[in-house]
1. A:ILE76 fails exactly one of the following numbered conditions: (1) buried (at least 24 other Cβ atoms within 10 Å of the Cβ); (2) at the interface with chain B (Cβ under 10 Å from one of its Cβ atoms); (3) not in a loop (DSSP other than H, G, I, E, B). What is the number of that condition?
2. Within the stretch A:297-322, track down each residue that is closer than 25 Å to A:GLU102 by Cα and outside the structural domain of A:GLU260 (by TED's automatic domain parsing).
3. Of the residues in the stretch A:45-71, how many are more than 10 Å from chain B (Cβ to nearest Cβ) and within 18 Å of A:MET135 (Cβ to Cβ)?
4. Pairs needed: first member in the stretch B:20-35, over 17 Å from B:GLY127 (Cβ atoms); second member anywhere, of a type in the set (Val, Ile, Thr); C-beta distance under 6 Å; at least 6 residues apart or different chains.
5. Examine the stretch A:98-105 for a residue that is over 20 Å from A:PRO215 (Cβ atoms), away from every other protein chain (no Cβ under 14 Å) and in contact with an Asp or Glu (Cβ under 9 Å, 6 or more places away or on another chain), and state whether such a residue exists.
6. Which condition from (1) in a loop (DSSP other than H, G, I, E, B); (2) out of contact with any helix residue (DSSP H, G or I) (no Cβ under 6 Å at 6 or more places or on another chain) is the one that A:VAL243 breaks?
7. I'd like to verify a number: residues in the stretch B:20-70 that are at the interface with chain A (Cβ under 7 Å from one of its Cβ atoms), among the hydrophobic types (A, V, I, L, M, F, W, C) and closer than 23 Å to B:TYR8 by Cα, how many?
8. Just a yes or no: is a residue in the stretch B:39-49 within 13 Å of B:LYS106 (Cβ to Cβ) and either among the hydroxyl-bearing types (Ser, Thr, Tyr) or touching a residue at least 40 places away in the same chain (Cβ under 8 Å) (or both)?
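The values are calculated or read from the model by the stated rules, or taken from the named source; none is laboratory data. Just so it is clear, the model here is predicted, and its values are computed rather than measured. Here Cβ is always computed from backbone atoms with ideal geometry, including for glycine, and neighbour counts include all displayed protein chains.
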Amino acid sequence: MVVVEIPIGPQHPALHEPIMLRVRTEGEDVVEVSVNTGYNHRGIEKLMEKNSWVRGAYIAGRVCGICNAVHMQTYIQGVEKLMGVEPLPRANYIRTVVMELERIHSHMLISAVMAEIVGFDTLFMLIMRDRERVMYLKELVAGSRVHADIHTIGGVKRDIDEVRRDRMLSELKKVEERLKYYKNVYENDYTIAKRLIEVGVISKSDALRMSVVGPTLRGSGIKSDVRFEDPYAAYSEIPFNVVVRDKGDSWTRMMVRLEEALESVNIIRYALEKMPQGPAIPKTIPRSAKPGEVVSRVEAPRGELVYYIVSTGGSNPYRVKIRTPSFLNILNTTSVYLGHRLADVPIIFASYDPCISCTERAVVIDEKTGGRTYMSLRELARVKAL
Amino acid sequence: MSVKVIRYSPWVMHFNAGACNGCDIEVLATLTPFFDPERLGVKLAPNPRHADIIIVTGALNKKAAERLRRLYDQTPSPKFVVACGACAISGGVFTGSYPLISRADKVVPVDVYIPGCPPRPEAVLYGIKKLIEKIGG
């Protein structure tokens, strides 16, 4: 049979981010998928070297708008280690609240996008409506809907008062109720089950071989969570469960996310109620770091996020290397598509919760040739997408 | 005038030209019933050939800029471009980075600029409404 190559992206109604999947099909069956990236490369790692430690935090936050607070947390936590600064205890709790709100809204967003891809538009609209509540909560604590920008070296920039705390607690109740409802929908709906169950299965050994992270890994039955293994911020003082399921298909990954979102509600409630008294905003911010290097890791909504920061002293970092979860989840899993129908490709792709703006910083990987080619920037500029 | 045709219901197409996703989730939120853009006749178009307004988000890099130009050429006239967010207007925090063109108006003519990092959904709607007023709706 004739092999047909179908490009999906970089502008595609189902993918809101610029990435291109080249799908080769025989009839309806997928025989090869390659990922073409580079539409979102912004030279962030180089940019950080040019900017000071404090400014770097804002660039780190803008690696990804969906998980901006975890990027800031990872960067700030590394810089704090280099500078020898301990974050204030109350600030740690506020950071935790912001990061968990982000996890809820990220998981709700992908649940909504998945519903849209499946063709269940009503569910998409409903989840997006209730996601606005979470955005409102984030605005209450951080002062803005998307970019929290609340972290600073040694603490946070905004404290939280009793009035806003009580308002958040009452709003959280409504969020929890809706999340339970959506979990029930994903669990019992016939349409969703038909499209997601047994689609894009990653077995336990494959998950380890492909080194996937986050809900994709936990959906394949492996208990791994940085919050649990290497606690940061206030996670060492907050009790929570690590959600693990072991079927490894797209449906399981979505269920892991929805259960995690419910777990996050409990974490936020605990953090708000047990928040220690005292200052949260540091009086002075150090401007220079001692020479040294540090690896800092955090559990982002999509999995383990790693920053490697090198300092040679002075006011700028020497090198900042970022390894984001989507980098592993997207590029290592192209073999999972094989044997599925063409219509399943967006579903499998969305079930990794891909975040393209996280993925693209340093190298361009063109897997069309079978291997990985590292292209120079001049070549990159000349490459025509099609 | 040909603008008359789209006066009442301009369809928008969203193109992410290297954004951090912040603007994109706000544009996505704008297009849901909570903010109800359909009262202005605005609907998300799946294809550049169906679109009247292109919303560009993000600091354009060279590869995405080629794509944006292509999408612009594929859109039938009359067509309008909205640059959404600080990055599409001036490069935002990424100003001075090596792969970036930084400004949407260097690649395509821009009609409305919506500032913010990211702009709130209300701001995005206001920008679209301004554009509709500009074209005489």
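1. Of the numbered conditions (1) buried (at least 24 other Cβ atoms within 10 Å of the Cβ); (2) at the interface with chain B (Cβ under 10 Å from one of its Cβ atoms); (3) not in a loop (DSSP other than H, G, I, E, B), the odd one out for A:ILE76 is (2).
2. Within the stretch A:297-322, A:VAL320, A:LYS321, A:ILE322 meet the criteria.
3. Number of matching residues: 2.
4. Taking only residues 6 or more apart or on different chains, the pairs are B:ASN21/A:ILE66.
5. No - not one qualifying residue is present in the stretch A:98-105.
6. Of the numbered conditions (1) in a loop (DSSP other than H, G, I, E, B); (2) out of contact with any helix residue (DSSP H, G or I) (no Cβ under 6 Å at 6 or more places or on another chain), the odd one out for A:VAL243 is (2).
7. 3
8. Within the stretch B:39-49 (the criterion being within 13 Å of B:LYS106 (Cβ to Cβ) and either among the hydroxyl-bearing types (Ser, Thr, Tyr) or touching a residue at least 40 places away in the same chain (Cβ under 8 Å) (or both)), the answer is no, since none of the residues qualifies.
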